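S.K.: Okay, here's the structure, questions in a sec.
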Amino acid sequence: MTDDDQAEVSLEIDAGLCVGVGLCEAIAAAVFRVGDDGVAVVIGTGRLPLAQARQVVEACPSSAISITA
């Protein structure tokens, strides 16, 4: 892992695309929760190291998660 991979980035969820599978919550429970409505939301700071953020983005089956900064 490089220093860039450890730099923290922000994430967001497009609620209109989220299908509530919950992989984001399984990978990063401190940042994501699937609500009672079946849609994931960002909680806490919404920040993860870049390497983990990329993992979450790639794991989302509906491409609802994006890195914002």
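S.K.: Among (1) 1.48; (2) 1.12; (3) 1.02, which is the computed Cα Rg over 2.2 N^0.38 Å?
M.R.: (3)
S.K.: Please list the non-local residues whose amide H lies under 5 Å from the amide H of VAL9, H modeled 1.01 Å from N, same-chain partners needing a gap of 5 or more.
M.R.: LEU48, LEU50
S.K.: Next question, about the same structure. Over the chain, with a Gaussian network built from C-alpha contacts below 10 Å, which listed residue (GLY20, GLY46, GLY35) shows the highest mean-square fluctuation?
M.R.: GLY35
S.K.: Probe of 1.4 angstrom, ligands and nucleic acids ignored: what's the accessible area per residue over the chain, in square angstrom?
M.R.: 58 Å²
S.K.: What accessible area, in Å² to the nearest ten, does a 1.4 Å probe give for LEU50?
M.R.: 30 Å²
S.K.: Through the Karplus equation 6.51 cos²θ - 1.76 cosθ + 1.60, θ set to phi - 60°, convert the phi angles of region 55-61 into ³J(HN,Hα) values in whole Hz; use x for Gly and Pro.
M.R.: Values, residue by residue: 4, 5, 4, 5, 7, 5, x Hz.
S.K.: Hey, another quick one. With a point put 7 Å past each Cα toward its Cβ, work out how far THR2 is from GLU58 in nm, to one decimal.
M.R.: 1.5 nm
The values are calculated or read from the model by the stated rules, or taken from the named source; none is laboratory data. The structure displayed is predicted, hence computed values, not measured ones. Quick reminder, even Gly has a Cβ in these numbers, built from the backbone with ideal geometry, and neighbours come from all protein chains shown. Side chains included, ligands, DNA and RNA excluded: accessible areas come from the protein's heavy atoms. Shrake-Rupley method; radii C 1.70, N 1.55, O 1.52, S 1.80 Å.
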